[in-house]
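Reading through the structure tokens given below for one structure.
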Amino acid sequence: AQSVSQHNHHVILSEAASLELGCNYSYGGTVNLFWYVQYPGQHLQLLLKYFSGDPLVKGIKGFEAEFIKSKFSFNLRKPSVQWSDTAEYFCAVNAGSQGNLIFGKGTKLSVKP
Amino acid sequence: DTGVSQDPRHKITKRGQNVTFRCDPISEHNRLYWYRQTLGQGPEFLTYFQNEAQLEKSRLLSDRFSAERPKGSFSTLEIQRTEQGDSAMYLCASGREIETQYFGPGTRLLVL
């Protein structure tokens, strides 16, 4: 069965620290990859996505992610986090011709001011 | 606001009662998805529609759950004979074909 793994359950950083959140998926075919963010009290919002082309994708608010096909990974990065980045981050995969997204369990990011 | 809307936002019910949730997608989106999210988990897929046709249902969708999208616009998700295990956030998303899915605020269900 297809699955998405997010290895970090809770990450705590100080402002200006660099961020990398891991995401690995299990599916051997073509995938579309997403990172969604859920700020406290708000609904899921798209941060960035990869469908094809340049494996390094840039999203909103200075986030980027790199698709490494050989490692089945799509890690999220930000060079310098801010207190306002405190949120829960979900990696999701849309595999092949399936309509639905398969989500990881999420990583809660807490940024200390 | 032209985003996905869901109603109600919160629902408290007693075990054994039926509940119905509504989702209004972004108007030009032909696909509508239902997910369920419990504490500490990511959203889990329940079912999706393309226009009015229900194309896929998850094994999570027991026979107590039914979803409709009668005119290819809004959708309803009904849970019959609710159980405490049904307590969760029910999320609706919409999109065009295999593209980005835009999520609504969710309906939080508590079954007592």
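The values are calculated or read from the model by the stated rules, or taken from the named source; none is laboratory data. Fair warning: this is a prediction, and the values are worked out from it, not measured in the lab. Don't worry about glycine lacking a Cβ; one is built from the backbone with ideal geometry, like all the others, and counts go over all protein chains shown.
Scan the stretch B:43-71 residue by residue and report those that are closer than 20 Å to B:Ser5 by Cα, of a type outside the set (S, T, N, Q) and surrounded by 15 or more Cβ atoms within 10 Å (Cβ to Cβ).
B:Pro43, B:Glu44, B:Phe45, B:Leu46, B:Tyr48, B:Phe49, B:Ala67, B:Arg69
Can you tell me which of (1) at pLDDT 95 or above; (2) polar (S, T, N, Q); (3) assigned to a strand (DSSP E or B) is the one A:Asn32 doesn't meet?
Going through (1) at pLDDT 95 or above; (2) polar (S, T, N, Q); (3) assigned to a strand (DSSP E or B) one by one, A:Asn32 breaks only (1).
So which strands (runs of 3 or more DSSP E) stay within the stretch B:29-106 end to end and still have 2 or more residues that are facing chain A (nearest Cβ under 9 Å) and of a type outside the set (A, V, I, L, M, F, W, C)?
B:31-37, B:44-50
What number of residues within the stretch B:72-88 satisfy the criterion of being among the hydrophobic types (A, V, I, L, M, F, W, C) and surrounded by fewer than 20 Cβ atoms within 10 Å (Cβ to Cβ)? Let's see the steps before the verdict.
Step one: of the stretch B:72-88, the residues among the hydrophobic types (A, V, I, L, M, F, W, C) are B:74, B:77, B:79, B:88.
With the extra rule that they be surrounded by fewer than 20 Cβ atoms within 10 Å (Cβ to Cβ), the set shrinks to B:74.
Adding up the residues that qualify gives 1.
Just to be sure I understand, how many residues within the stretch A:58-82 are over 11 Å from the mean Cα position of the chain (by Cα), without any contact (Cβ under 8 Å) to a residue 40 or more places away in the chain and within 22 Å of A:Ser5 (Cβ to Cβ)?
Looking only at that region, the number is 3.
List pairs: first residue in the stretch A:29-48 and at the interface with chain B (Cβ under 10 Å from one of its Cβ atoms) and crowded, with 16+ Cβ neighbours inside 10 Å, second residue assigned to a loop (DSSP other than H, G, I, E, B) and modelled with pLDDT under 90 anywhere in the structure, Cβ distance under 6 angstrom, at least six positions apart or on different chains.
A:Leu46/B:Thr100
Under 20 Å from B:Glu44 (Cβ atoms), away from chain B (no Cβ under 14 Å) and in contact with a strand residue (DSSP E or B) (Cβ under 7 Å, 6 or more places away or on another chain) - does that describe any residue in the stretch A:98-105?
no
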